[in-house]
Amino acid sequence: MTLQTEFDQALADSKNLAERPDNMTLLKMYGIYKQGSLGDATGDRPGMTDFVGRAKWDAWNALKGTSQDVAKQQYIDFVKDLQA
């Protein structure tokens, strides 16, 4: 199975977890997913009044410099841990 196939499967599996993860876990998943799928964060950081957008952008930007393949593997491993 290729890394991309495993990544796609982990994305599908993340939508069928037994319990909904807490917000911090969801932010971590979002950041790792975005880094794995698009690379480093792009665009300007959302403004102070966009709390959700700002938190998501910060979670993604925290992974700046991490290669997409490494981030994909991190996402796969993270989702597997949540399934356990």
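Coordinate-derived values only; no laboratory data. Remember, it's a predicted structure, so these values are computed and weren't measured experimentally. Glycine also receives a Cβ, built like all others from the backbone with ideal geometry; neighbour counts cover every protein chain displayed.
At a glance:
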{"quantity": "Matching entry among 42, 66 (being farther than 20 Å from residue 6 by Cβ and of a type in the set (Val, Ile, Thr))", "calculated": "42"}
{"quantity": "Test result for residue 63, in a helix (DSSP H, G or I), surrounded by 12 or more Cβ atoms within 10 Å (Cβ to Cβ) and not small (Gly, Ala, Ser)", "calculated": "no"}
{"quantity": "Residues being part of a loop (DSSP other than H, G, I, E, B), over 20 Å from residue 23 (Cβ atoms) and of a type in the set (Gly, Ala, Ser) - total across the stretch 34-46", "calculated": "2"}
{"quantity": "Pick from the stretch 8-60, criterion over 21 Å from residue 80 (Cβ atoms) and small (Gly, Ala, Ser), ranking: surrounded by the most Cβ atoms within 10 Å (Cβ to Cβ)", "calculated": "41"}
{"quantity": "Options 67, 37; residue that is more than 12 Å from the chain's Cα centre (by Cα) and among the small types (Gly, Ala, Ser)", "calculated": "67"}
